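J.: Below you will find the structure I want to go over with you.
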Amino acid sequence: MTGPRLEIDLDKIGHNARTLVADSAAVGISITAVTKALLGLPALAVVMLEAGVVALGDSRIENIETMRAAGIEAPMVLIRSPMPSQIPRVVDSGVVSANSELEVLGLLSAQAVRRGIDHGVLLMVELGDLREGVMGDRLLGVVARVLALPCLELRGIGANLACRSGVVPDALNMGHLSDHADAIEARFGVEVAMISGGNSANLAWALGSRSRERSRINNLRLGESILLGREPLGRTPIDGLFTDTVTLVGEVIESIRKPLRPWGNRAQSAFGEPTGDDPTSDERTRRPAACNSGWQTIVAIGHQDTDPAGLCPAEGHQIIGASSDHLVLATERRMPPGAEMSFQPNYSALLRSATSPFVGLEVRSS
């Protein structure tokens, strides 16, 4: 397969999934594996399920439909609130959906009644990150409405942290989520079966030695930690996991000796970035070491294909710029056109590369 392409090592991803499933099970937590970064790739879903995850989670109904069409009948969770325009597809897909809006819940109920089936609901609770979630003081009222709506089943409650505002999951906010579950059960006499505490950012809390006092959290939704072997709070590697599971490969289209500094009058770049000279900076101390060779190499990858800031090149090379279609590197030597260069993507780069129609996907498994 020609570049650009993502090379996916399913054996290493499977190892990561098995390790996290086992470690989490030891503290009473099950895992919902999030498949959105690879667009619901069926082969990935199979590996996750073989590793012991209890469900698959995805934010896009299209990805869930892809997995269903491939014959995957495992429990699935739509981890973003359904769009009203997609309510019929959501109900027909047989998923549990994350919800926080009463209007959307009403639409789900009406569609489920029309179809003559029940639809499972995971109510999301706001714990401070200020993304989705019902405010705590309104939660019992929303629960009452869910329980009253026909053909809706309350499967549990959940929360999400560290995505929009970087709020760290800890014993305090996880304790609040547990308290909400207690309050629901006490008020309505129903069981809150799933209490889904969050995502890969929760692992330090969940697996910590003193962090689970008073906690009823029994599920986490893991994507980045399984796929890339890193935790999202600081992007540090997780002990015992592979971090080289995915590689983005691109093709060289130019490699020429060029000056380090541009010339001519300067304004914003194509992406609105300021490019004027900083008179207080010392170019000699801040330039990449690879620039000393003078070789500037261009790879046929750009913002339309990935997040250039999320790519890590091989040692001896350094990314110094990017445009829509060009990734510019300082390299220690000339790289002949047609040569391939490899990059380790972070979660942002992986997500955008997998979504780009111009980036192929090559799956490797023994």
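J.: So, of the residues in the range 132-147 that are crowded, with 16+ Cβ neighbours inside 10 Å and not in a helix (DSSP H, G or I), which turns out to be farthest from the chain's Cα centre (by Cα)?
T.: VAL134
J.: Could we say that ARG214 is assigned to a helix (DSSP H, G or I) and farther than 23 Å from LEU350 by Cβ here?
T.: Taking the combined requirement at face value, the residue does not satisfy it.
J.: Another question, then. Assess whether ILE195 counts as being closer than 23 Å to LYS36 by Cβ and of a type in the set (Val, Ile, Thr).
T.: Considered against the rule, which asks whether it is closer than 23 Å to LYS36 by Cβ and of a type in the set (Val, Ile, Thr), ILE195 comes out as yes.
J.: Could you identify the single residue in MET67, MET48 that is assigned to a helix (DSSP H, G or I), more than 21 Å from MET194 (Cα to Cα) and either more than 13 Å from the chain's Cα centre (by Cα) or among the charged types (D, E, K, R) (or both)?
T.: MET67
J.: Inside the range 24-61, can you point out the residues that are over 23 Å from VAL246 (Cα atoms) and surrounded by fewer than 19 Cβ atoms within 10 Å (Cβ to Cβ)?
T.: If the condition is that a residue be over 23 Å from VAL246 (Cα atoms) and surrounded by fewer than 19 Cβ atoms within 10 Å (Cβ to Cβ), then ALA25, ALA26, VAL27, GLY28, SER30, VAL54 are the ones that fit.
J.: Taking the range 101-127 on its own, how many of its residues are more than 20 Å from the chain's Cα centre (by Cα), of a type outside the set (A, V, I, L, M) and not in a helix (DSSP H, G or I)?
T.: Looking only at that region, the number is 5.
J.: Exactly one of these conditions fails for ILE195: (1) without any contact (Cβ under 8 Å) to a residue 40 or more places away in the chain; (2) in contact with a helix residue (DSSP H, G or I) (Cβ under 8 Å, 6 or more places away or on another chain); (3) assigned to a loop (DSSP other than H, G, I, E, B); (4) not hydroxyl-bearing (Ser, Thr, Tyr). Give me its number.
T.: (3)
J.: Return the only residue of ARG216, ARG155 being basic (Lys, Arg), under 30 Å from ASP118 (Cα atoms) and touching a Ser or Thr at 6+ places or on another chain (Cβ under 8 Å).
T.: ARG216
J.: Which members of the range 70-85 meet the condition of being assigned to a loop (DSSP other than H, G, I, E, B), surrounded by 16 or more Cβ atoms within 10 Å (Cβ to Cβ) and free of Cβ contacts under 8 Å to residues at least 24 places away in the same chain?
T.: Selection gives PRO75 alone.
Bear in mind that the values in this text are calculations on the coordinates, not laboratory data. Note that this is a predicted model, so its numbers are computed, not measured. Every residue, glycine as well, gets a Cβ built from its backbone with ideal geometry; the counts of neighbours run over all protein chains shown.
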